[in-house]
Amino acid sequence: HAHARFAPAAVAVLADLARLLACDRVSLGLAEAGKPALVAQSTGTDLDPALALNVALAQAMAEASERRSTVIHPLPEGSSVASSVAHALLMKHNGDVPVCSVPLVAPAGGGDGAPPVTGVMLFERREDFDAHSLRLAQDAALFVGPLLELKHQVERPWHARVGERLRQRAESEHL
């Protein structure tokens with residue numbers, strides 16, 4: 001997809017992922033002030049943070065970000081992946097559609113702490129996530145997430161990028 005701007009490019013990529021992974025929706029949240037903010041959905045729908053669905057999406061993304069691990073609801077048989085209250089609430093809010101959130105983690109930067117979670121990719125589909133679909137969602141987030149994050153960062157004003165970097169540095173020094 002040869003889209004010049006982040007929003008249409010992200011919607012196109014997430015829509016392709018939704019189609020390939022048989023998802024009803026794929027959403028992307030990128031870290032802003034330390035927690036994921038909804039920045040794109042495969043459906044191209046309204047990203048207003050006050051909408052009830054978007055609040056539920058953001059809460060589920062925040063849980064995956066805080067846990068620093070994939071969160072899925074309902075759990076597949078024999079799974080060791082964590083479930084969560086926010087994912088269960090999102091599933092109920094959205095007509096019992098199973099949910100899987102995969103955190104996007106920055107490459108290790110040489111610091112002593114764990115690399116920061118830079119965002120979360122959230123997948124919703126009519127069928128439960130089995131081991132195969134879970135692995136595909138994780139792989140998609142691993143490969144596509146950082147590219148979308150980079151495109152988003154490049155479009156931000158320079159002063160916003162500098163401010164975010166200074167905030168991250170201050171947080172890492174206080175750990």
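Order of 122-132, 93-103 by packing, highest average Cβ count within 10 Å first?
Working: 122-132: 17.7, 93-103: 20.9.
Per-residue Cβ counts within 10 Å, averaged per peptide and sorted highest first, yield 93-103, 122-132.
Could you sort 49-59, 8-18 so that the peptide with the highest average Cβ count within 10 Å comes first and the rest follow in order?
Working: 49-59: 16.0, 8-18: 19.5.
Peptide ranking by packing, descending: 8-18, 49-59.
Under 5 Å from the amide H of A37 lie the amide H atoms of L30, A31, E32, each residue being 5 or more positions distant or on a separate chain, with H modelled from the backbone and absent for Pro and chain starts.
Full extension of the chain between A170 and N94 yields a length gain of 23.6 nm, computed as 0.36 nm times the residue separation minus the alpha carbon distance.
With +1 on the Cβ of every Lys and Arg and -1 on the Cβ of every Asp and Glu, and nothing else charged, how large is the dipole of the range 2-108 about its Cα centre, in debye rounded to the nearest 20?
Working: 7 positive and 9 negative charges, 33 e Å.
It works out to roughly 160 debye.
Counting Lys +1, Arg +1, Asp -1, Glu -1, what net charge surrounds L147 among other residues with beta carbon under 15 Å of its beta carbon? Intermediate values should be presented prior to the final figure.
Working: positive: R5, K151; negative: D16, D139, E149, E155.
Result for the neighbourhood of L147: -2.
Quick note: the coordinates plus some simple rules give every number you see, no bench work behind them. These numbers were taken from a predicted model, which means no experiment stands behind them. Neighbour counts run over all protein chains shown; Cβ positions are idealised from the backbone, glycine included.
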